[in-house]
């Protein structure tokens with residue numbers, strides 16, 4: 001049975017190096033992290049076609065513009081003091097905004113999961129190739145700024161994590 005998208009993404013994001021690479025793709029290249037991680041998860045089941053990548057990018061764009069990016073902007077702004085002595089309530093509010101931002105990302109991922117093939121998985125030796133193709137497909141559907149070498153590095157990190165995770 002295939003692991004649900006949210007559980008897989010949360011585990012993958014906490015794997016060594018994944019968060020840093022994803023945030024670099026987001027901040028330096030304006031890529032969509034939930035979209036990329038969905039593509040990596042979907043690739044463990046089968047290929048992500050150009051058509052599906054375009055559909056996924058459209059769904060991700062709508063969610064990002066309406067909820068995720070505005071919430072992220074508020075969360076980041078709340079890192080700095082707004083007035084003297086506001087640290088405790090400001091940081092508490094920031095945590096609430098962060099929780100809502102994560103929930104919006106979860107809803108997006110669940111929407112994207114509906115586009116997946118639902119196959120029973122791929123042989124381990126095919127996953128890295130299919131994953132890189134999936135990441136390139138969604139990254140290019142999302143934006144013209146998609147550094148193939150950084151996506152290849154993310155693919156390698158995720159593939160190594162998968163091998164360690166399912167070893168034994």
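The values are calculated or read from the model by the stated rules, or taken from the named source; none is laboratory data. None of these values were measured; they are calculated from a predicted model. Neighbour counts are summed over all protein chains in view; Cβ atoms, including those assigned to glycine, are modelled from backbone coordinates with ideal geometry.
For segment 67-85, state whether one or more residues are in a helix (DSSP H, G or I) and loosely packed, with under 11 Cβ neighbours inside 10 Å.
Going residue by residue through segment 67-85, those that are in a helix (DSSP H, G or I) are 67-77.
Within this subset, residues satisfying the condition of being loosely packed, with under 11 Cβ neighbours inside 10 Å are none.
No, segment 67-85 contains no residue that is in a helix (DSSP H, G or I) and loosely packed, with under 11 Cβ neighbours inside 10 Å.
For the list (1) more than 19 Å from residue 151 (Cβ to Cβ); (2) assigned to a helix (DSSP H, G or I); (3) touching a helix residue (DSSP H, G or I) at 6+ places or on another chain (Cβ under 7 Å), I need the number of the one condition that residue 92 fails.
Here residue 92 meets the rest and fails (3).
Identify, from the list 164, 136, the residue that is assigned to a helix (DSSP H, G or I) and closer than 16 Å to residue 56 by Cβ.
Details: 164 fails: closer than 16 Å to residue 56 by Cβ.
Unique residue meeting the criteria: 136.
Residue 130 is checked against (1) modelled with pLDDT of 95 or more; (2) surrounded by 13 or more Cβ atoms within 10 Å (Cβ to Cβ); (3) within 29 Å of residue 65 (Cα to Cα) and fails just one. What number does that condition carry?
(1)
Could you count how many residues in segment 44-53 are in a helix (DSSP H, G or I) and under 30 Å from residue 165 (Cα atoms)? Spell out how you get there, then give the answer.
We begin by selecting, within segment 44-53, every residue in a helix (DSSP H, G or I); these are 50-53.
Now restrict to residues that are under 30 Å from residue 165 (Cα atoms): 50, 52-53.
The total comes to 3.
Applying the selection to segment 14-31, what residues are surrounded by fewer than 14 Cβ atoms within 10 Å (Cβ to Cβ) and either in a helix (DSSP H, G or I) or in contact with a strand residue (DSSP E or B) (Cβ under 7 Å, 6 or more places away or on another chain) (or both)?
Scanning segment 14-31 gives 19, 20, 23, 27, 28.
State which residue is surrounded by the most Cβ atoms within 10 Å (Cβ to Cβ) when the search covers only segment 1-13 and only residues that are part of a helix (DSSP H, G or I) and free of Cβ contacts under 8 Å to residues at least 60 places away in the same chain.
So in segment 1-13, the residues part of a helix (DSSP H, G or I) come out as 5-13.
When the remaining residues are screened for being free of Cβ contacts under 8 Å to residues at least 60 places away in the same chain, the result is 7-8, 10, 13.
Details: 7: 10, 8: 21, 10: 13, 13: 15.
My answer is 8.
With respect to residue 34, determine if the residue is in contact with a helix residue (DSSP H, G or I) (Cβ under 8 Å, 6 or more places away or on another chain), part of a loop (DSSP other than H, G, I, E, B) and under 21 Å from residue 159 (Cβ atoms). Don't jump to the end; show me each part of the working.
Working: in contact with a helix residue (DSSP H, G or I) (Cβ under 8 Å, 6 or more places away or on another chain): yes; part of a loop (DSSP other than H, G, I, E, B): no; under 21 Å from residue 159 (Cβ atoms): yes.
No.
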